[in-house]
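Since the structure comes first, as structure tokens, the remarks are kept for the end.
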Amino acid sequence: MAVDGTWKLVVNTPMGAQESTLVIQSSGGTLTGKQSAGSGEGRPIEEGAVDGNDINWKASITKPMPMTLEFSGTVDGDNLSGNVKLGMFGSAPFSGTRA
């Protein structure tokens, strides 16, 4: 599928740009994979879904505080962009490129 692969993401948070790596694979309408930040091993994404080039998933983080991030984006070739809900901190735009 067009969404499968490794993506380098940048989320523009109130604390500055936060980088992560997303490795995903789609099967039917389901999206699975892992997302990692820094040198971390990566955590499985949750509730991943794909509809054509539109994708969404949740990622749990522990730093700077425990929270579940809710991503919603669109793949356009080798680019990915959208918004992420930052728990009680509102939402922020994110962008990514295929690695």
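Results, tabulated for the structure shown:
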quantity: Contact order relative to length of the chain, as percent, for alpha carbon pairs under 8 angstrom and 6 or more apart; calculated: 24
quantity: Convex hull per residue volume in Å³, alpha carbons only, for the range 50-99; calculated: 81
quantity: Vicinal HN-Hα couplings computed from phi for the range 63-70 (Karplus, 6.51 cos²θ - 1.76 cosθ + 1.60; Hz; Gly/Pro x); calculated: 10, x, 7, x, 6, 9, 8, 10
quantity: Size of electric dipole in the chain: Cβ of Lys, Arg +1 and of Asp, Glu -1, about Cα centre, debye, nearest 20; calculated: 320
quantity: Reference-scaled alpha-carbon Rg (2.2 N^0.38 Å with N residues) for the range 1-59; calculated: 1.13
quantity: Under 17 Å from residue 85, Cα to Cα: lysines that are on another chain or at least 8 residues apart; calculated: 58, 63
quantity: Per-pair calculated FRET efficiency, R0 = 30 Å: residue 15 and residue 49 via Cβ, rounded to 0.05; calculated: 0.60
quantity: Those lysines that a straight Cα-Cα span of less than 16 Å connects to residue 8, excepting residues fewer than 8 apart in one chain; calculated: 34
quantity: 5 Å binning of all Cα-Cα separations within the chain, expressed as whole percents from 0 upward; calculated: 3, 14, 27, 30, 17, 7, 2, 0
quantity: Fully extended contour minus Cα-Cα distance, from residue 23 to residue 83, at 0.36 nm per residue; calculated: 19.8 nm
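None of the figures in this text is laboratory data; all of them are computed from the coordinates on show. All figures in this text were calculated on a predicted structure; none of them were measured in a lab. When we count neighbours, we look across all protein chains shown, and the Cβ atoms used for this are built from the backbone with ideal geometry, even at glycine.
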